[in-house]
1. If you build a Gaussian network model of the chain, linking Cα atoms that sit under 10 Å apart, which residue out of Leu20, Leu42, Leu30 swings the most?
2. Please report, as a whole percent, how much of the solvent-accessible surface of the chain comes from carbon and sulfur atoms (probe radius 1.4 Å).
3. Give me a comma-separated list of calculated 3J(HN,Hα) values for the stretch 36-53, in order, Karplus coefficients 6.51, -1.76, 1.60 applied at θ = phi - 60°, integers in Hz, x for any Gly or Pro.
4. Before I look further, what does the chain give for accessible area per residue, probe 1.4 Å, in whole square angstrom?
5. Rounded to two decimals, what is the ratio between the C-alpha radius of gyration of the chain and 2.2 N^0.38 Å?
6. Report, in debye and to the nearest 20, how large the dipole of the chain comes out about its Cα centre when Lys and Arg carry +1 and Asp and Glu carry -1 on their Cβ.
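The values are calculated or read from the model by the stated rules, or taken from the named source; none is laboratory data. Bear in mind the structure is a predicted one, so any value in this text is a computation, not a measurement. Positions of Cβ are generated from backbone atoms using ideal geometry, with glycine treated the same way; all protein chains shown enter the neighbour counts. Protein only, heavy atoms only, side chains kept; ligands, DNA and RNA dropped before computing areas. Shrake-Rupley method; radii C 1.70, N 1.55, O 1.52, S 1.80 Å.
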Amino acid sequence: MITQETPEELITRINTVRSLMISTGMSKGLNDYETLKYSEELDKLINKYQLTALS
């Protein structure tokens, strides 16, 4: 069963992943695999939030 996240839950996840991305980028560099992974995840979450907000 797939559960739909609420906009509030998505915002929480967005802020968490954004913080992880920033701290990883500062410690390992902006081109590090882990930083890029968080960046891609953040993009997906933001897109999902925008689609949810428009519904």
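1. Leu30
2. Ligands and nucleic acids excluded, carbon and sulfur give 58 percent.
3. 3J(HN,Hα) across the stretch 36-53, in whole Hz: 5, 4, 5, 5, 5, 4, 4, 4, 5, 5, 5, 4, 4, 4, 4, 5, 5, 5.
4. Heavy-atom accessible area per residue stands at 79 Å².
5. Normalised Cα radius of gyration, the chain: 1.24.
6. For the chain, the charge dipole is close to 60 debye.
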